[in-house]
Amino acid sequence: MKNHPELAEQFNTDEARVNWHDETLWWVRTKRDRMSHALPEWEQLRESASQIKNNVLSNLSDYLIQFESNAKANGIIVHWAADANEHNAIVLSLLRQQGATQMVKSKSMLTEECHLNEYLEQNNIDVVDSDLGERVVQLAKEPPSHIVLPCIHKKKEEIGELFHEHLGTPKGNADPQFLTHAARLHLREKFLTRKVALTGVNFAIADTGEFVVCTNEGNADMGAHLADVHIASMGIEKIIPQRKHLGVFLRILARSATGQPVTTYSSHFKKPREGKAIHIILVDNGRSIHLGRPDFRNALKCIRCGACMNTCPVYRRSGGHSYHTAIAGPIGSILAPNLDMKKYADLPFASTLCGSCSNVCPVKIDIHDQLFKWRQVIVKEGYATSGKKVGMKVMNSVLSHPSLYRTSGKIGRWIMNHFPSVVNNKLNPWFRQREMPEPPKESFREWYQKNKKR
Amino acid sequence: MKVALFIPCYVDQFYPQVGIATLELLTKLGVEVTYPLQQTCCGQPMANSGFAHLTPNCDSLFIKNFSDFDYIVCPSGSCTLHIKEHLHDEIRPDEALSIRKKIYELTEFLTDILKVKNLTASFPHKVGLHQSCHGQRGLHLSQMTELTAPPFSKPERLLRMVDGLQLIELDRKDECCGFGGTFCVTEEAVSVKMGKDRITDHTKHEAEFITGGDMSCLMHLEGILRRQHSHVRVKHIAEILNAQ
Amino acid sequence: MSSREKTLEALKKNQPDQVELPAITSYEQSEKDNVLQFKNTLLFIGGQAIEVNGYGDMITYIKEHFGEAKRILSTIEALHPVAEIKAHYPDPHSLEDVGLTIVNAQFGVAENGAVWITDDLLPARALPFITEFLAVVLEKKTIVPTMQEAYDRIGISDYGFGVFIAGPSKTSDIEQSLVLGAHGPKGMTIFLI
C-alpha cells in the first residue's frame, strides 16, 4: 500500500487541481473565522467545551451506564459492540429481524471506520448513503475524503458525469443546483421505501438518555422518521453529561465545521414513535485502549467538526485520500495509530507541526503536540525506516561533538562549493524543485573567532 | 546582564551573515554578547523526526555551553521553541529548566527584555513578513489568525521602526511555508507546493524581500525562488533590523 | 464476559482521575435586539421572517405565495381557511405530497435563527422535513439570545423528539455551492407575532 508522501505526490501531479482543492477548503476556514471572530466569548466556549469533555473522559464508564439506563427507560434498545465486527453484525441482525434487504443511511464516520457498507454488501444488503456528498463518493466507489465534506475532492463536472451514469441526468450538466435536485428526487424514493434507517450520533446525553444528530440536509430525519426501525451507531466517547452542555457544543460545532451559526437540523431523539423502534449501538473499537494512553487520550474529545482539516496546509495540498484511513487530516493522524501503529506509521509525519490545527480545534485537542509524541512512539516501537534510523544516529553523533560538527560542516561546505553535483542531483529530494543554499566561505564561528573573540 | 548568543547549526554553516547581523544589532543596542564556541545544535532535527531519545548528548552539550548566562538569545523561533519545550537533563534537571526559562528568540528579546522603542535602521524596500509557525504559534511572537483575540506582532512592530521599509499585506497572514524540518525532504511534493504558494502570496503583493525570524523557512523559500529565477530575495529579520 | 462488561471494565481501568465539570457561564451579548438579530440571521441562512399582526395576515400571505401548493397542512385551527388541520398522521409516507406546512414553535434563538419544535407540536415527526416548504409561527417575545439560554429554557422538559430548525434544508457538497432544498424544505418562512 502507498504511504502518505507517495499518495500526496500523486495528488500533486495536477497542480491546478491542488490549487482548487486548497482554495475551496481555505474558503471554509475563512467562513469559520468569520463566525468565531464574531463571538467575543469564543475562546471561553472552547475552554468550556474542552473541560466538559475532560470530565466525560474521566467518568466515561459511569456516564455510559447512566445513559444506558435512561435510554432504556425512554424505550430505546441499547446494544454494546466491542469492535467493528460486532457492530456490523448487530446491524445485520437487526436488518434480518425486519426481513429487510435494504437500508438508508445518513452520515456516520463510525460506520466508515467499521467498513459497514462493504460488510453489508457482502451480506446482500443494499445500502444507500443519503448525505449528498456521501452518495456521490458511494457512486464513485470511493471513501469520503473529508469527514464533513465527503466529496470535496470532486469537481462538479465529475459529479455530473457520475449522475449521468447512475441517475440518468443529461450528459454534460454540471450545475450544482440541478444535480442536487436530481439527487433529491433519487433519494426521496429511497427514504419512502426503506424500513430501516441508520444514522450517526453527534452527542448522547447521559442525564436524559436522548441523543442528538446534526445535519444540514435533513437526511438523517428523513430516514429516521419514515422508517420502522432507526439504528443509531455511536462511538462511546460521544457522551456528554447533561442537556445544557449542548448549549456549549451546538454553539461551536457548526461554526467550526462550515462557518454556519448552527446546523439546519439539531434533532433530539429521546423516545421512539409509537409502534416503532430505536436501537442505539455503543461502539468501543479501540477507544477504551486509546483512553489508557495518557499522552493521546484527549483525541477522544473530538466532535468531528473537520476544522483541523480545513486549516491544515498539508491536508489542503494532499487531499483526504492520501491519509488512507477513514478519518483524514490532523485528527485522523492522531487517531489512526491507536488502531494500527504499523499501518499508519506515516501519518504523524504528514505534518509540519505548524500548530494551526490545535488553534482551531473547538475542544482544544493538542493535535500538533500529539503528532510530535506519536512520532516518538512510532520510532521507539520500531516502525521508522532503517535508512532514517542510521541517518539520525549519524546526525546525532555529529551534533553532539563540537569538533566533529565543525569539521563536517567545513567539509560539507567545501564539497558543495567544489563538487556541487554531489548534492545537486535527483537523489536529493531537496534539489528536485529547490536550489541548495550557497555555501559561504566561512562559518559564523570562524568569522567570530577572527573578528570578535577577545 | 550576561547574554549568550545561540546560533543554530544551519545558520552557522550556511548563513553566517545572520549571526553577524544579530551580534551587531545587539551590540548596537548596548548588549554585551558572548558566543560560546563549543555550541552545535538544539537537537530539534532528531526530535521532530521521532528520535528525541537520541538527543541527551545534544542536550547536555547545550547545558554545558549556556548555563552560565542570564539570557540566551537566538535568531530562530523554531530552535528557541525546541529548547523551551524539550531541553532536559537527567543529571542536571534544574539547569535544564532554568535554560528553558531564559532562552529568547531575537525579536522577543528586543521587545520584551530590551523594550526597544526605536531603531536606527534603514531598508527602503517592499517587504513581506513570513510568520514562522514555531515562533508565532509556539512562542506567541504574534497573534494567531485562528484565535478570537486582539492582534499584536513583535516582529512587525520592530519592522515598522525601520526607515523606508514598506510592509506588504498578505492574503494568508500566517500560513505555514512547508519547511517543517525533515518534512521538507520526506514530504517533498507537499513541502514544495506549500513553499510555492507562500511565495505567490508575497509576489502577488509585490514584495521585493521576504523576511522572517527563521532562516530555515527562508532557506526553503529561497531554494524555490532561486529555482524560479525570481528577483525576490529572502532576508532574515536581524539583517533588516541591522541594515544601514 | 459480554462486550458491555468488557468495555466498561477497560474504561474503568484506563480513564484518568476524576476531572470536575466546569460551571456554564452566561455571556453578555453585544446585540441587544434579539428580534432584529433573529431576522438578520435567518436571512443569512436562507430563511425569511415576516412580521404579522395575526392569523389574517398569515392567511393572506399564504394565499398570495402558496396558492399553487398541492397540499397545505397545519396544526393551527385559525389557519383552516387555507390549510388542512389535523392533529396526527399515523403514516408519514402519506405526507409526501405536502407543499406547505405551518406549525408553531416553542421559541426562537437570535444568534442562529433556529426555532425549537417538539413532537407535541407536530402531527408527525417527519412533517417539517418532508414538506416542500415550511412555515413556523413564532412569538417575538420568546426569542432568546443564544443556545445557552435556549437550553435553560428547555430545562429538563420531556419530549419524544425535539428539533432546532435553522432555515431551509441545504447542502454545499458540490464544490461548496450552496443549494437550498437538499432533502427537506426548499424554503422556510417564519411568521413573527
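Summary table below
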{"read-out": "One residue from A:K155, A:K171, A:K105 being in contact (Cβ under 8 Å) with a residue 40 or more places away in the chain and away from chain C (no Cβ under 12 Å)", "value": "A:K105"}
{"read-out": "Residue in the stretch B:85-94 that is nearest to A:T385 (Cα to Cα), counting only those that are more than 12 Å from chain A (Cβ to nearest Cβ) and buried (at least 18 other Cβ atoms within 10 Å of the Cβ)", "value": "B:L87"}
{"read-out": "Filter result for A:A299 (at negative phi, away from chain C (no Cβ under 11 Å) and not hydroxyl-bearing (S, T, Y))", "value": "yes"}
{"read-out": "From A:H164, A:H186, A:H181, residue being assigned to a helix (DSSP H, G or I) and in contact with a Lys or Arg (Cβ under 6 Å, 6 or more places away or on another chain)", "value": "A:H164"}
{"read-out": "Residue within the stretch A:365-374 that is of a type in the set (S, T, N, Q) and modelled with pLDDT of 90 or more present", "value": "yes"}
{"read-out": "Among residues of the stretch C:131-151, those that are part of a helix (DSSP H, G or I) and more than 7 Å from chain A (Cβ to nearest Cβ), counted", "value": "4"}
{"read-out": "Which listed residue is in contact with a strand residue (DSSP E or B) (Cβ under 9 Å, 6 or more places away or on another chain) and among the polar types (S, T, N, Q), from B:S60, B:S67, B:S76", "value": "B:S76"}
{"read-out": "Of residues in the stretch A:37-65 being over 21 Å from A:A299 (Cβ atoms) and not in a helix (DSSP H, G or I), the one farthest from the other protein chains (Cβ to nearest Cβ)", "value": "A:A38"}
{"read-out": "Count - residues of the stretch B:1-22 that are within 7 Å of chain A (Cβ to nearest Cβ) and not polar (S, T, N, Q)", "value": "8"}
{"read-out": "Residues satisfying the stated conditions in the stretch A:12-36, i.e. without any contact (Cβ under 8 Å) to a residue 24 or more places away in the chain, of a type in the set (S, T, N, Q) and not in a helix (DSSP H, G or I)", "value": "A:T13"}
{"read-out": "Unique residue being within 30 Å of A:C312 (Cβ to Cβ) and in contact with a strand residue (DSSP E or B) (Cβ under 9 Å, 6 or more places away or on another chain) when the list is A:H87, A:H79, A:H4, A:H37", "value": "A:H87"}
{"read-out": "Breaking point among (1) more than 8 Å from every other protein chain (Cβ to nearest Cβ); (2) buried (at least 17 other Cβ atoms within 10 Å of the Cβ); (3) within 30 Å of A:A224 (Cα to Cα); (4) charged (D, E, K, R), for A:E86", "value": "(1)"}
{"read-out": "Out of B:K64, B:K101, B:K115, sole residue that is of a type in the set (K, R), more than 15 Å from B:H236 (Cα to Cα) and part of a loop (DSSP other than H, G, I, E, B)", "value": "B:K115"}
{"read-out": "Residue satisfying condition, being surrounded by fewer than 23 Cβ atoms within 10 Å (Cβ to Cβ) and not in a helix (DSSP H, G or I), within set B:G50, B:G30", "value": "B:G30"}
{"read-out": "Selection status of A:Q449, modelled with pLDDT of 85 or more and surrounded by 21 or more Cβ atoms within 10 Å (Cβ to Cβ)", "value": "no"}
{"read-out": "Selection count, the stretch B:154-181, where residues are hydrophobic (A, V, I, L, M, F, W, C), within 16 Å of B:T203 (Cβ to Cβ) and under 16 Å from the mean Cα position of the chain (by Cα)", "value": "1"}
{"read-out": "Selection count where residues are in a loop (DSSP other than H, G, I, E, B) and under 17 Å from C:P185 (Cα atoms), scope the stretch A:167-178", "value": "0"}
{"read-out": "Residue list for the stretch C:152-169, restricted to those being more than 12 Å from the chain's Cα centre (by Cα), within 7 Å of another protein chain (Cβ to nearest Cβ) and either surrounded by 24 or more Cβ atoms within 10 Å (Cβ to Cβ) or of a type in the set (G, A, S) (or both)", "value": "C:G160"}
{"read-out": "Within the stretch B:21-43, tally of residues that are out of contact with any strand residue (DSSP E or B) (no Cβ under 8 Å at 6 or more places or on another chain) and over 18 Å from A:R406 (Cα atoms)", "value": "5"}
{"read-out": "Filtered residue count, the stretch A:296-324, keeping only those that are hydroxyl-bearing (S, T, Y) and surrounded by fewer than 23 Cβ atoms within 10 Å (Cβ to Cβ)", "value": "0"}
{"read-out": "Condition check for A:V377: modelled with pLDDT under 95 and part of a helix (DSSP H, G or I)", "value": "no"}
{"read-out": "Evaluation of B:L54 against (1) within 7 Å of another protein chain (Cβ to nearest Cβ); (2) on the phi > 0 side of the Ramachandran plot (one fails), failing number", "value": "(2)"}
{"read-out": "Residue satisfying condition, being away from chain A (no Cβ under 14 Å), of a type outside the set (A, V, I, L, M) and either surrounded by 12 or more Cβ atoms within 10 Å (Cβ to Cβ) or out of contact with any Phe, Trp or Tyr (no Cβ under 6 Å at 6 or more places or on another chain) (or both), within set C:S26, C:S74, C:S30, C:S3", "value": "C:S74"}
{"read-out": "Out of C:K39, C:K12, sole residue that is part of a helix (DSSP H, G or I) and at the interface with chain A (Cβ under 9 Å from one of its Cβ atoms)", "value": "C:K12"}
{"read-out": "Residues located in the stretch B:67-82, provided they are closer than 27 Å to B:C176 by Cα and either among the small types (G, A, S) or outside any loop (DSSP other than H, G, I, E, B) (or both)", "value": "B:I72, B:V73, B:C74, B:S76, B:G77, B:S78, B:C79, B:T80, B:L81, B:H82"}
{"read-out": "In the stretch B:33-47, the residues that are outside any loop (DSSP other than H, G, I, E, B), more than 17 Å from the chain's Cα centre (by Cα) and more than 7 Å from chain A (Cβ to nearest Cβ)", "value": "B:V33, B:T34, B:A47"}
{"read-out": "Test: residue in the stretch C:117-124 that is within 16 Å of the chain's Cα centre (by Cα) and part of a strand (DSSP E or B)", "value": "yes"}
{"read-out": "Matching entry among A:A8, A:A73 (being crowded, with 16+ Cβ neighbours inside 10 Å and more than 24 Å from B:P151 (Cα to Cα))", "value": "A:A8"}
{"read-out": "For C:D97: the one exception among (1) assigned to a strand (DSSP E or B); (2) over 14 Å from the mean Cα position of the chain (by Cα)", "value": "(1)"}
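One line per residue, one yes/no per condition, for (1) touching a Gly at 6+ places or on another chain (Cβ under 9 Å); (2) at pLDDT below 95; (3) facing chain C (nearest Cβ under 10 Å):
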residue: A:A257; (1), (2), (3): yes, no, no
residue: A:P261; (1), (2), (3): yes, no, yes
residue: A:F269; (1), (2), (3): yes, no, yes
residue: A:R273; (1), (2), (3): yes, no, yes
residue: A:R287; (1), (2), (3): yes, no, yes
residue: A:P294; (1), (2), (3): no, no, yes
residue: A:C308; (1), (2), (3): yes, no, no
residue: A:Y315; (1), (2), (3): yes, no, no
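The values are calculated or read from the model by the stated rules, or taken from the named source; none is laboratory data. Quick caveat: nothing in here was measured; it's all calculated off a predicted structure. Glycine gets a Cβ as well: all are built from the backbone with ideal geometry, and neighbour counts include every protein chain shown.
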